[in-house]
Amino acid sequence: MLAKITSGAAVGLTATLIEVEVDVAEQGLPSLTIVGLPDKAVEEARERVRSAIKNTGADFPLTRITVNLAPADLPKVGPSYDLPIALGILIASGQIAPDVSDSLFFGELSLDGSLRHTNGILPMAYLAKEKKYKKIFIPKVNEKEASIVSEVDVYAVGSLLELIRMFNGTNKILPSQKSKLSELLRTTEAEFDFREIIGQEQAKRAAEIAAAGGHNIFMKGTPGSGKTMLARALPGILPTLTEDEALEVTKIYSITGNLPQGQSIFTTRPFRSPHHTTSRIGLIGGGTNPSPGEVSLAHRGVLFLDEFPEFPRHVLESLRQPMEDGVVTISRAKGSVTYPAQFLLVSASNPCPCGYYGDSKRACKCLPGAISRYQKRVSGPILDRIDLHVDVPSVETQKLVEKDKDVKKESSKIIQKRVQRARDFQIARFKGTKIKSNSEMATRDVKSYCSLPPECRTMMISATASMNLSARSYFKVIKIARTIADLANEKQIVVNHLAEALQYRPKDPDF
């Protein structure tokens with residue numbers, strides 16, 4: 001007898017339908033064969049399914065069983081096909097007879113028949129909605145993850161036995177309650193508050209501009225000047241995720257298994273801080289079965305690269321495409337996968353190997369050649385793709401001993417309100433497009449949304465000649481000026497905005 005169960009497979013951030021065909025022959029030697037380009041985890045489903053069915057109290061057919069995962073030319077990865085295979089065997093052997101034509105099944109089985117946490121539930125739930133399926137059956141531990149998808153009844157199942165009893169009419173499983181996405185989103189909590197950062201007013205201003213417009217920022221300064229503290233305080237002033245952004249981020253964390261258990265959606269902007277020993281695949285993504293790297297895990301959030309020049313050069317060079325395009329395409333012999341990578345890059349570096357080149361308090365001990373080699377570890381094309389360059393000098397002694405009541409300091413909460421207002425302006429400005437922030441504007445968009453008055457055009461002509469700005473840098477300055485104008489609640493870019501934006505370009509050609 002033949003049974004057909006519908007499941008799904010993740011391809012990048014999207015999902016495609018997989019038809020699980022199970023044929024239980026009337027005769028033949030006992031065997032269970034799985035075909036359709038299964039990986040090792042799918043092949044091992046034979047033992048998991050056999051044990052789960054027996055330990056549930058059902059009968060495992062002692063005959064030849066063939067399982068086909070169609071389409072056969074699409075690689076099948078992971079243990080998520082356990083549940084549909086087991087259900088198909090039970091239907092094909094005549095032990096249960098449910099109508100599953102309007103349902104999707106997805107989940108990994110334990111040997112005792114219980115359902116384990118399974119990666120990629122959110123893309124599967126959206127697949128069910130897209131393909132007009134009414135029901136989706138998933139592990140109970142993944143219930144909240146799928147509960148945000150409307151128009152699909154989510155049945156969270158604890159074990160294979162519960163599902164058998166439901167189809168036999170001896171047990172009832174109610175659909176999960178839906179969660180309202182807008183009520184879950186909140187401001188990101190940071191490790192530090194901006195009021196805790198002593199001095200560094202220019203750097204804090206640059207961080208505010210970076211957060212408001214999604215601009216990349218490069219901080220250079222001596223050890224202990226506060227670069228890392230600034231970077232780790234930055235998430236606290238980022239704007240709240242929009243619903244579309246939250247879904248994008250959650251899909252990435254769902255397919256990689258990084259979504260915290262019991263959490264329905266990623267509610268805050270991610271903050272990723274890989275060590276400088278991270279490989280190219282770890283940063284960009286890849287592997288035999290391509291998976292997202294740190295640049296995709298930081299999508300719509302912050303990617304903090306501390307000790308920037310210490311990263312291998314080939315690793316840093318791999319950042320060019322995602323910084324420019326906002327996506328990463330990973331190509332393998334079996335096909336190509338594209339992952340989003342629209343992140344805010346925060347990079348920090350010392351000025352030299354010892355860290356004190358140009359410091360007024362401590363003398364640098366590095367040889368001139370060592371300083372030059374250190375500064376050239378980061379290539380010009382990478383630096384040109386970074387919008388804001390800011391020096392972070394050592395903190396003056398007087399500021400260290402000042403009492404808090406003598407110094408007016410803004411908290412992250414106050415700054416975040418300004419940033420949120422500026423980002424709201426941008427969302428309204430770019431309504432109807434795929435652009436979410438000023439940094440995402442292409443050249444044609446800059447010309448459309450950032451018109452310059454005559455005095456500003458004259459200033460840019462002069463600055464381009466005197467500062468040797470590239471075409472990319474020219475438009476980056478205008479985009480930064482647009483963000484500064486948004487923070488000032490002004491509709492038109494004026495000379496003051498451009499003058500401040502030009503201050504954040506590199507002061508020297510090397511670093």
Checked Thr278, Thr268 against criteria (of a type in the set (S, T, N, Q), open to solvent by less than 50 Å² (accessible area, probe 1.4 Å) and closer than 22 Å to Leu238 by Cα); the one match is Thr268
So which of Ser101, Ser147 is among the small types (Gly, Ala, Ser), within 15 Å of Thr6 (Cα to Cα) and at pLDDT below 95?
Ser101
Does any residue of region 62-73 turn out to be farther than 18 Å from Ala3 by Cα and of a type outside the set (Val, Ile, Thr)?
yes
Tell me whether region 47-61 contains one or more residues that are hydroxyl-bearing (Ser, Thr, Tyr) and exposed (fewer than 13 other Cβ atoms within 10 Å of the Cβ).
no
Quick one: what pairs do we get from region 161-185, first residue closer than 19 Å to Gly57 by Cβ, second open to solvent by less than 40 Å² (accessible area, probe 1.4 Å) and not hydrophobic (A, V, I, L, M, F, W, C), C-beta under 7 Å, 6+ apart or different chains?
Leu161/Thr56; Leu161/Gly113; Ile164/Thr56; Phe167/Pro98; Ile173/Tyr155
For region 105-127, which positions are surrounded by fewer than 22 Cβ atoms within 10 Å (Cβ to Cβ), closer than 12 Å to Val141 by Cβ, in contact (Cβ under 8 Å) with a residue 40 or more places away in the chain and not polar (S, T, N, Q)?
Glu108, His117
The listed residue being farther than 22 Å from Arg362 by Cα and touching a residue at least 12 places away in the same chain (Cβ under 8 Å), out of Gly214, Gly224, Gly199
Gly214
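Quick one: is Ser296 assigned to a helix (DSSP H, G or I) and either in contact (Cβ under 8 Å) with a residue 40 or more places away in the chain or outside the structural domain of Ala212 (by the TED database) (or both)? Walk me through how you get there before you give the answer.
On the way: assigned to a helix (DSSP H, G or I): yes; either in contact (Cβ under 8 Å) with a residue 40 or more places away in the chain or outside the structural domain of Ala212 (by the TED database) (or both): yes.
So Ser296 passes the test.
For region 1-59, what are the residues that are part of a loop (DSSP other than H, G, I, E, B) and within 21 Å of Arg116 (Cα to Cα)?
Result: Asp39, Glu44, Gly57, Ala58.
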Condition first: of a type in the set (Ser, Thr, Tyr), more than 25 Å from Ala125 (Cα to Cα) and within 22 Å of the chain's Cα centre (by Cα). Now tell me which residues in region 157-195 satisfy that.
Thr187, Thr188
Please verify whether region 375-393 includes one or more residues that are under 23 Å from Ile198 (Cα atoms), in a loop (DSSP other than H, G, I, E, B) and open to solvent by 30 Å² or more (accessible area, probe 1.4 Å).
yes
Do you know which residues across region 440-477 are open to solvent by 70 Å² or more (accessible area, probe 1.4 Å), closer than 15 Å to Arg505 by Cα and either among the acidic types (Asp, Glu) or assigned to a loop (DSSP other than H, G, I, E, B) (or both)?
Asn468
Considering only region 410-424, state which residues are more than 18 Å from Thr268 (Cβ to Cβ) and either buried (at least 20 other Cβ atoms within 10 Å of the Cβ) or within 22 Å of the chain's Cα centre (by Cα) (or both).
Ala422
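The values are calculated or read from the model by the stated rules, or taken from the named source; none is laboratory data. Computed from a prediction, not measured in an experiment: that's the story for all the values here. With ideal geometry, Cβ positions are generated from the backbone for all residues, glycine too; neighbour counts draw on all protein chains shown. Keep in mind that these areas ignore ligands, DNA and RNA; they rest on the heavy atoms of the full protein, side chains included. Shrake-Rupley method; radii C 1.70, N 1.55, O 1.52, S 1.80 Å.
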